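To keep things clear, I will list the structure first and then write my remarks on it.
The values are calculated or read from the model by the stated rules, or taken from the named source; none is laboratory data. Every value quoted in this text rests on a predicted model; they were computed, and no experiment measured them. Here the Cβ positions follow ideal geometry from the backbone for every residue, glycine too, while neighbour counts run over all protein chains shown. Ligands, DNA and RNA are stripped out before the accessible areas are found, and what is left, the full protein with its side chains, is counted by its heavy atoms. Shrake-Rupley method; radii C 1.70, N 1.55, O 1.52, S 1.80 Å.
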Amino acid sequence: MRRILVSLAVCCSLFFISCRKETFHETIPSEPPVMGLEEGGEGEYHEGEIVLGERLKNPYNVRNMKLAYSTLRKSGTYECDQVEVRATHYYVKFLPASLDQYEVLDSDTTIHLSEYPLDYSILQEGNNYHDPRVPDGEVTYQYTAVPVDYKFIDTIKYEILDTLYIPEEDPKLVNKDEDDDDNPNWDCIDNLLDQAYYQTGNYDDMMDPSNHQKTAPARYHPAGRIQIFDTRLGTNIGMEGVRVQARRWFTIHNARPDVNGFFRARGTFRRPCNYSVWFATPWFAVRKHLINTTYWINGPKKTGDWNPTVADGYARFAGHIFRGAFRYHYKDIAGLRRPYRPWYQRQLYIGVNKDKDWSGVNWQILPVIRIARYFGDNQEYGSDEIFSTTCHETAHTSHALLMNWGLVQYIQVTTQLQESWPVAVEWLLTHMEYADRGIANYGEWNYNPPNPPQYPNRFAYQYWNQGISGDYTSLFINLEDNHNELGQTYGFLTGSVDDEVTGYTLSFIESNILKHSYGLSSLGNELKANKPAGVTDAQIDQLLSFY
Amino acid sequence: MKNIGFILLVLSCISCNKEKQTFSDLYIENATGHKIELLPYKMSNVYLPGKIVVVSGENKKIDSYFSRGISNTPVVFPAYLDMTDSLRVIFDDVYSITHYFVTPAALARKYYLKNSKRNLGSLANYEQTISADSKHTRKWIVQYRFTEQDYLDAKN
């Protein structure tokens, strides 16, 4: 039994020991800024069930492409010797047997999955499709195109539905690593495509359906601006960091919006593309349910820019979860450690679309964090509260990862320290986020606007006393802040902590003190051993005495 | 193997953090036959965000507050206490009485000081009840009830 326990301790700690590389295994591409937004870009997006229509004839299969090429050559006007029609891709259907297998596929940044087949017409747009042949509770089939040299994973079942020649993806014709706007091969590619579309009856995909000769609309980079409404700010802000996908058939161009929501893909199209937004990065993903795929919203099929605003609804809720996770994983966090899970395991955020008696849950041993949308009588949390809760829950993960033996040591930390640390982290990161967005004193001790934020960002939680909560305390906030709340009035409450300690930063505490602290006693010892100038042992003892 | 599964289950239960929370709802009840207006002041100036009107018979919800953890005391921050120093309670737009949170040099004709059992600035003068209590959530109702005696205190 002892041998089993020791082995278990080792196994569990391996979940959390920081054995991963410190660098990204994929960086967010740095997209060039948008130039010249098209005015009047449609801003709609679709949610709900996708209803498929008929299966279309695949213009990209090799046989059809060869026929198209030979037909054009016979016409005598298609002088495109550089085009070599051959198998470049497979159209693949994956059959993931479990969520773990889906997660392996979705984490692969070289492919982009679709939960509905790519060669069907769409009768009703939406953002949810579950193949009726797949039982509820199981992951539906996933569709994509992969290069012919793609290394399939033996344990994940797949079917090759078709062999494709995708001239827009042919490295002999297109350089995907550069802005290829002036590529002289585009005319050859587009004429071949038009012939292929014509042959398969996909007339709507032709550049000019009434004349399948060479009318050539201008190429465009899929671009636009994605915004989300923030209830705290009372205005729209950019949806930074989400993956914007622009797809035509099997060709996908991606972009990630900047802090103001502007995005521009490197690749180009001539014909309408289908826009969509995916709430995932290489390090985390947002889902609507645990047994579900990455949450996404489906945009229009159009040329030119797409400028949606996520004003309300579940998408807005998911968007603010994404913001909190994005801040913690990618943006300035004042020197705190990134909450990267080991072995590039993605953190999953489940946005729970129900009225719950909790605001957040961290499953710790599994990479799952749940965030509730509603509290009591279906009242919705505000945008900053969702953001703050997301940071709070993520900080639990980060704390456990910090400990030498991971979860085995983390569970030995008192609940007071386990909860007071994330309280301080959410306070810090939410302040940073909203200060960046224009509220300079958000979360400060005197921050109490007419529509005030809730805990702990109101009054910087300086009103805390033991009667409020023995676990969720202002302890770590008070180590960093420069405000003594003793005797200060906060509504009915009066500050009861005589806080003369200042000068610690949360990043310093995290790096030097937290991993050796299991309760107030060990925390006190570590604080004294790592005092900033001007702080005395007596001041530390006095502060801790209130907790 | 069975033991490992059990231990993993125990470990997951121990490590699973489900956030506890406390909700506090603040009400002002007008159990008099008169209209009541609450007008807070900061440094002798009216603080309009804290102004409240409660008609006769109304039990008005002022706000809801959320805090983490299970709290043994309601956590409420009414706007009329937002660094205000007094609150003037006016009945029928005619008779008023001032609730002082900070005792000034010169007092109004009718007033309650901070230590009065009717002063709106003291949480102890509100009825505090737990309306719901579960493992992860506690809900407080905090209520101040104006009675006919309050009206008479202002009038006489």
How much net charge surrounds residue B:80 when only other residues with a Cβ under 13 Å from its Cβ are counted (Lys, Arg +1; Asp, Glu -1)?
0
Residue-span extension gain [residue B:147 to residue B:135] - 0.36 nm each, minus C-alpha spacing:
0.7 nm
State, in square angstrom and to the nearest 100, the accessible area buried between chains A and B, both chains counted, probe radius 1.4 Å.
3700 Å²
Partner chain Cβ atoms within 10 Å, averaged over the residues of A:350-362 - can you pull that number for me?
4
Rounded to a whole number, the mean other protein chain Cβ count within 10 angstrom for residues of A:375-382 is 3
Could you give the length gained on full extension between residue A:204 and residue A:218, defined as 0.36 nm per residue of separation minus the Cα-Cα distance, in nm?
3.4 nm
Give me the distance in nm between label points sitting 7 Å out from Cα along the Cα-to-Cβ direction at residue A:134 and residue A:82, one decimal.
4.0 nm
Which FRET efficiency value, to the nearest 0.05, do you get for residue A:542 and residue B:116 by plugging their Cβ-Cβ distance into 1/(1 + (r/R0)^6) with R0 = 25 Å?
0.15
Find how much the distance from residue A:521 to residue A:56 grows on full extension, using 0.36 nm per residue of separation minus their present alpha carbon separation; answer in nm with one decimal.
160.5 nm
As an exercise, use a Förster radius of 35 Å and the Cβ-Cβ distance of residue A:154 and residue A:63 to find the FRET efficiency, rounded to the nearest 0.05.
0.75
Need one number: nm distance between label points at residue A:512 and residue B:55, each 7 Å from Cα along Cα→Cβ, rounded to one decimal.
6.3 nm
Residues other than residue B:131 with Cβ under 14 Å of its Cβ, Lys/Arg counted +1 and Asp/Glu -1, net out at -2
Order the following by accessible area, largest value first: A:225, A:247, A:341. Probe radius 1.4 Å; ligands, DNA and RNA are ignored.
A:225, A:247, A:341
When only DSSP loop residues count, what trypsin sites (Lys or Arg not before Pro) in segment A:84-183 have their Cβ near at most 15 other Cβ atoms within 10 Å?
A:86, A:133, A:151, A:172, A:176
Please report how far the C-alpha centroid of segment A:140-163 lies from that of segment B:51-121, rounded to the nearest whole angstrom.
67 Å
Charge tally for neighbours of residue A:472 with beta carbon under 9 Å away, counting Lys, Arg as +1 and Asp, Glu as -1, is -1
How well do other chains shield peptide A:455-465, expressed as the mean number of their Cβ atoms within 10 Å of each residue Cβ?
3
Over the heavy atoms of residue A:291, what accessible area does a 1.4 Å probe trace out, to the nearest 10 Å²?
90 Å²
Measure nothing fancy, just the Cα-based angle from helix A:415-436's long axis to the longest principal axis of chain A, in degrees from 0 to 90, nearest 10.
60 degrees
Computed over chain A: longest principal axis from alpha-carbon atoms vs helix A:520-529 long axis, angle to nearest 10 degrees, is 90 degrees
